[in-house]
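Here the structure is laid out as structure tokens; the discussion comes afterwards.
Rule-based calculations on the coordinates, nothing more; no lab input. Keep in mind that what you see is a predicted model, and the values were worked out from it rather than measured. No Cβ is skipped: glycine too gets one built from the backbone with ideal geometry, and neighbour counts run over all protein chains shown.
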There are 4 protein chains.
Amino acid sequence: MGNEIVETTFYVRYAETDQMGIVHHSHYVVWMEEGRSEYMRRNGLDYVAIEQSGLALAVTEVNVRYLAPAHYNERVTVRTRIDSLRSRALTFGYEIINADTRQCLVVGSVKLMLIDRQGQVVSMPDSFQALLKNAGG
Amino acid sequence: MGNEIVETTFYVRYAETDQMGIVHHSHYVVWMEEGRSEYMRRNGLDYVAIEQSGLALAVTEVNVRYLAPAHYNERVTVRTRIDSLRSRALTFGYEIINADTRQCLVVGSVKLMLIDRQGQVVSMPDSFQALLKNAGG
Amino acid sequence: MGNEIVETTFYVRYAETDQMGIVHHSHYVVWMEEGRSEYMRRNGLDYVAIEQSGLALAVTEVNVRYLAPAHYNERVTVRTRIDSLRSRALTFGYEIINADTRQCLVVGSVKLMLIDRQGQVVSMPDSFQALLKNAGG
Amino acid sequence: MGNEIVETTFYVRYAETDQMGIVHHSHYVVWMEEGRSEYMRRNGLDYVAIEQSGLALAVTEVNVRYLAPAHYNERVTVRTRIDSLRSRALTFGYEIINADTRQCLVVGSVKLMLIDRQGQVVSMPDSFQALLKNAGG
């Protein structure tokens, strides 16, 4: 595991703004999730198949610090990395930046656990860990 | 079936506004769905049990007309009725009003079909139709 | 005006699904708005500047028909065109398709009016109409 | 300031679920905001007027721990308190519980700063602090 950072870039949607004229703070949580999706896609981790096998990555903790606001029509980049991987918990770290100015807007982390259909925490399978470790190189 | 109207009232959430300073138009679609939930709760239709039995009401059509905007912190009332019930389709009609002034903000309709786990349309069970018909009186 | 179709493609986000295992029907309304944003960007219409000048495009009508569901991690393409442009109303037409299979998932239309800071409907400026007409060619 | 806890209770909306069959983790952030709105309404703090005067409470930090999931059609209660009030920062603390079983689902905190129209941090006015302190007893 290590220092691989996966980037995904998209436009801010109008629906993501609020009456303060900036992106509502809840949407960065969704963007961080999309950062995880991109991280898994790039590293060959098929999350759809994981869910079909009866497992799921459940979010157990979210921490976000807001440094500067994003606005409608700006392009933002979510930079996603793995901060920690244990047998029972996986933590992603994030920077969300303005894609054009590279200004840092938000930093955050999200901790997840692998659960089965009964909601019980299970150890991450070796294959799963290996993939993530390879990802990190 | 007929003219029963079920009302549900709640405050506009800040997150539902956009940078125009009004509620984003997509949220009225969510409010209409919450109107359906309340309609079913009041009439003893247990939608959670319906889904557990392997069926689901899938939305096939949404039509909304926006007459006046709702704003943060206002109380809105969703007025929900059944406009049409056939063996294979159910259409709800809606008025969303300001709960205090009674001004009409939005009118709309949502058409649903009952589908099974394979996504195939199935006829609505008699019990289901009966409940809805009773509801309408 | 005419038949220009602007496409924008993105992945379905996990947060856009609901417990039916498909994209919640309200999110297509947001996607159609993002289609409008892309349409304006491609045609040099600066919507941010329009709002800064005190005008806004307010949604007055939304109509959506759902033909097939989108799922998490699929790539969808929003195909946006102008269906009608009058001095006081602008209607966009949409097809949302699976970007890989090209299956049509949703068709819809959204009607907008240009309003000023008091919420009064105003005629679309010539420059605005010209740009859109050029777009349609 | 102190230990006043303001409660607000509502049904989980279908749109708030995701394909894991539970409420998507981003929505608790919206619910906490609605808890703040209720806290201010109960204590006579008119946030709409605050924004009209050119000020706004901007979120600078969000921390959430997820203990158990909420599901569609359940009633949840957001319990909101003020954890800390300084001249330049206000922190709300939250518990979100199942309204019927009183099981704790989520705990969290949100830190806000008062900013002016230029986005500069300003000290909270005495009246504002007094109201909040009265609220807390």
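The figures follow:
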quantity: Burial ordering of D:L55, A:L90, fewest other beta-carbon atoms within 10 Å first; calculated: D:L55, A:L90
quantity: Residues C:Y66, C:Y11, D:Y28 arranged by fewest to most Cβ contacts within 10 Å; calculated: C:Y11, C:Y66, D:Y28
quantity: GNM result for chain B, Cα springs below 10 Å: residue of B:G44, B:G93, B:G54 fluctuating most strongly; calculated: B:G54
quantity: Test item: A:45-58 mean partner chain Cβ contacts at 10 Å; calculated: 2
quantity: Residues with amide H under 5 Å from that of D:Q19, placed H, sequence gap 5 or more; calculated: C:T17, C:D18
quantity: Cross-link reach list, aspartates and glutamates versus B:K111, counting only Cα pairs under 16 Å and skipping chain neighbours closer than eight places; calculated: B:E33, B:E34, B:E61, B:D83, B:E95
quantity: Exercise: per-residue mean of other protein chain Cβ atoms within 10 Å, D:64-74; calculated: 4
quantity: Peptide-level mean, for C:25-37, of C-beta atoms on other protein chains within 10 Å; calculated: 6
quantity: Angle between chain A longest axis and helix A:27-42 axis [Cα atoms, degrees, rounded to 10]; calculated: 50
quantity: Sequence of C:I115, A:I97 once ranked by neighbouring C-beta atoms within 10 Å, starting from the fewest; calculated: C:I115, A:I97
quantity: Selected from A:V48, A:L90, A:P69, residue furthest toward positive end of dipole (the stretch A:6-136; charges at beta carbon); calculated: A:L90
quantity: GNM flexibility winner over chain A from A:Y94, A:Y39, A:Y72 (Cα, springs under 10 Å); calculated: A:Y72
quantity: About the Cα centre, charge dipole magnitude for the protein assembly as shown (Lys/Arg +1, Asp/Glu -1 at Cβ), debye; calculated: 0
quantity: Between 0 and 90°, nearest 10: helix A:126-136 axis offset from chain A longest Cα axis; calculated: 40
quantity: Check: the stretch C:6-136 dipole with +1 on Lys, Arg Cβ and -1 on Asp, Glu Cβ, in debye; calculated: 300
quantity: P(r) histogram, all alpha-carbon pairs of chain A included - 10 Å bins from 0, percent; calculated: 12, 41, 30, 15, 1
quantity: Theoretical ellipticity at 222 nm over the protein assembly as shown - DSSP helices of four or more residues, -39500 (n - 2.57) apiece, nearest 500; calculated: -7500 deg cm²/dmol
